[in-house]
Amino acid sequence: MPPSLAELSSALIGAFEGPEKLTAFKDPGGVWTIGRGHTLNVKAGDTCTHNESVAYFTADQAPLLAMVASEPLVKAAAFVSFGYNVGRAALHAVLMGADNITNPLHTTDKHGNVQPGLVSRRLLERLLVDSASPQIIPVPVPSGHTNATADGEGLVSGGR
C-alpha cells in the first residue's frame, strides 16, 4: 500500500528539517524555530514537548496538504515540502504558475544569502515535481532500423 500524502510529505520535510528540537534555536537564516521547523511566534528560550512539536507540525502542514490534494502523490509531497519551507503564499504562486520552485529567491535566507541546503532541497523538490509530469522522452533509433517507436520519430510519450 502506498504511503499517504501526509506520510510522504512528512518524511520529505523531516529529511530537510532535521531532528525534532524541543528548545528554540535560530535556523541558518536566523529565524527562531522549534520542533520540526515551526516558526510562528517562536522566541528565544521557548521549549515544547514532543506532543506539542507533533501538534505544531500537523497544524503547519495541514493547509499545505489541502492546497495540493488534487496533485499526484509524489508531486504533491514535493509541493508540501516547498510550502512548508517558504510558506503558503509562495506555494500558491507556484501552483498558479506565477513563480517556480527553482526561483533563486527560494534558495536564500531572509538576508539574501544563498543557503546550500536550500539549493539541494529545491533541486530535489523540482525533480520530484517533474517526475510526476508526463514528458516526451527521446529514444535513440538504432541505425538500420525503421519505425523504432510508435511515431517513427524517435520519441515516445510517457512519464518517468
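The values are calculated or read from the model by the stated rules, or taken from the named source; none is laboratory data. All values derive from a computational prediction rather than experimental measurement. No Cβ is skipped: glycine too gets one built from the backbone with ideal geometry, and neighbour counts run over all protein chains shown.
All conditions but one from (1) in contact with a Lys or Arg (Cβ under 8 Å, 6 or more places away or on another chain); (2) of a type outside the set (A, V, I, L, M); (3) farther than 18 Å from residue 6 by Cα apply to residue 56; the one that does not is (3).
For the stretch 1-60, residues that are free of Cβ contacts under 8 Å to residues at least 40 places away in the same chain, within 15 Å of residue 86 (Cα to Cα) and among the aliphatic types (A, V, I, L, M) total 1. Of all residues in the stretch 16-52, those that are part of a helix (DSSP H, G or I) and in contact with a Lys or Arg (Cβ under 6 Å, 6 or more places away or on another chain) total 2.
Among residues of the stretch 70-88 that are under 23 Å from residue 31 (Cβ atoms) and surrounded by fewer than 17 Cβ atoms within 10 Å (Cβ to Cβ), those with a beta-carbon under 8 Å from a residue that is modelled with pLDDT of 95 or more and of a type outside the set (Lys, Arg) at least six positions away or on a different chain give the pairs 88/63; 88/64; 88/67.
Mind listing just one residue for me: the one in the stretch 100-132 that is β-branched (Val, Ile, Thr) and in a helix (DSSP H, G or I) and, of those, surrounded by the fewest Cβ atoms within 10 Å (Cβ to Cβ)? Show your work before the answer.
First, pick out the residues of the stretch 100-132 that are β-branched (Val, Ile, Thr): 101-102, 107-108, 114, 119, 129.
With in a helix (DSSP H, G or I) added as a condition, the list becomes 107, 119, 129.
On the way: 107: 20, 119: 14, 129: 22.
Step by step, filter the stretch 100-132, then rank; the result is 119.
Of the residues making up the stretch 21-35, those that are of a type outside the set (Gly, Ala, Ser), at pLDDT 95 or above and touching a helix residue (DSSP H, G or I) at 6+ places or on another chain (Cβ under 9 Å) are 21, 22, 33, 34. Could you tell me which residue of the stretch 27-50 is nearest to residue 108 (Cα to Cα), considering only residues that are more than 19 Å from the chain's Cα centre (by Cα) and surrounded by 13 or more Cβ atoms within 10 Å (Cβ to Cβ)? My answer is 31. Among the numbered conditions (1) modelled with pLDDT under 95; (2) of a type in the set (Asp, Glu); (3) within 26 Å of residue 132 (Cα to Cα), the only one that residue 109 does not meet is (3).
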